[in-house]
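Student: Please see the structure below; I have some questions.
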Amino acid sequence: MELDVLKWIKFSSISWTHDNKGFFYSRFDAPKSLDAGSMAKAGQETDELENQKVYYHRVGTKQDDDTLVFWNEKQPDWMYDGEVTNDGRYLILSARKDTSITNLIQLVDLQDGRNQNLDGLLEPTPLIEDWVGGFHYIHNKGPLFYFQTNHNAPRSKIIEINIEKPQMENWREVIPQSEKGVIQNSLCSNGKIVALYLENASDKIRIFDFDSRHL
């Protein structure tokens, strides 16, 4: 069985579509400076960290056949990452200027007819349009999206954003910032929010429901 080989990938995760036919990833253009004798470095070396693009790779196909699904020509220095939501319906496109966690968020409805076939550039909708903090996706229930964020919360909190009413005044705080600890990471497991706190140089795990109750 021939393995799929993907090159020119840096600062990228992969995220599978729920049909398991392929995944999204981010890469840079192949460097012009590499000749045939330098191909051992393929996938490691890039000319510049500019124009990172998001592609969709179908398993069993060549990288040359991958579909370019997102590229922001106006901001070549920004870096992008794609993440499929837990229900498989949306692609979250996160933009960063550097290694900071501060990011912008756009959403692509993969069930929308314009995007279903993944055969060209997708049409995202802005969700977080200003550089106000870092937003880490946890889960969504239909249009209700849950993010860990440090917006107005240096020790981090968890909020709910209704994408049908995404204005900041409509955001709901689900888990407030702790007075003692910092939320290091969070995820959804078995319908609950699992939050990892750092308190007094030790890790603590707390479990909450989506109605803010500590379990």
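Nothing in this text is a laboratory measurement; each read-out follows from the coordinates by a stated rule. All values reported here derive from a predicted model rather than from experimental measurement. Backbone-built Cβ (ideal geometry, glycine too); neighbour counts: all protein chains shown.
Student: Among Gly142, Asn190, Pro154, whose Cα sits farthest toward the positive end of the charge dipole of the stretch 132-215 (+1 at Cβ of Lys/Arg, -1 at Cβ of Asp/Glu, about the Cα centre)?
Tutor: The residue sitting most towards the positive pole is Asn190.
Student: If the only charges are +1 at each Lys and Arg Cβ and -1 at each Asp and Glu Cβ, what is the size of the charge dipole of the stretch 59-179 around the Cα centre, to the nearest 20 debye?
Tutor: 360 debye
Student: Got a sec? How would Ser100, Ser156 order by Cβ neighbour count within 10 Å, fewest to most?
Tutor: Ser100, Ser156
Student: Now a separate question. Of Leu3, Leu121, Leu198, Leu107, how do they rank once you tally other Cβ atoms within 10 Å and put the fewest first?
Tutor: Exposure proxy ranking, most exposed first: Leu3, Leu121, Leu198, Leu107.
Student: Right, here's the next one. Which of Trp78, Trp131 comes first, and how do the rest follow, when ranked by fewest Cβ neighbours within 10 Å?
Tutor: In increasing order of surrounding Cβ atoms, one gets Trp131, Trp78.
Student: Along the Cα→Cβ direction, 7 angstrom out, place labels at Asp119 and Ser189. What is the inter-label distance in nm?
Tutor: 4.2 nm
Student: Here are some values of P(r) over Cα pairs in 5 Å bins from 0, in percent: (i) 1, 6, 12, 15, 14, 12, 10, 8, 6, 4, 3, 2, 2, 1, 1, 1, 0, 0; (ii) 1, 6, 13, 17, 17, 15, 12, 9, 6, 3, 1, 0, 0; (iii) 1, 7, 14, 18, 20, 16, 12, 7, 3, 1, 0. Which one was computed from this structure?
Tutor: (ii)
Student: What are the ³J(HN,Hα) couplings of the stretch 136-152, residue after residue, when phi is run through the Karplus curve with 6.51, -1.76, 1.60 and θ = phi - 60°? Round to Hz, x for glycine and proline.
Tutor: 10, 5, 10, 5, 9, 10, x, x, 8, 10, 10, 10, 8, 8, 9, 5, 6
Student: Now a separate question. With a cut-off of at most 15 other beta carbons within 10 Å, and DSSP calling the residue loop, which trypsin sites (Lys or Arg not before Pro) in the stretch 61-126 qualify? Please list them.
Tutor: Sites meeting the loop and neighbour criteria: Lys62, Lys74, Lys97, Arg114.
Student: Let me ask something else about it. Given a Förster radius of 35 Å and the C-beta distance between Lys180 and Leu144 as r, what FRET efficiency does 1/(1 + (r/R0)^6) yield to the nearest 0.05?
Tutor: It comes to 0.80.
Student: How much length would be gained if the chain were fully extended between Thr61 and Lys165, taking 0.36 nm per residue of separation minus their Cα-Cα distance, in nm to one decimal?
Tutor: Between Thr61 and Lys165, full extension yields 33.5 nm more.
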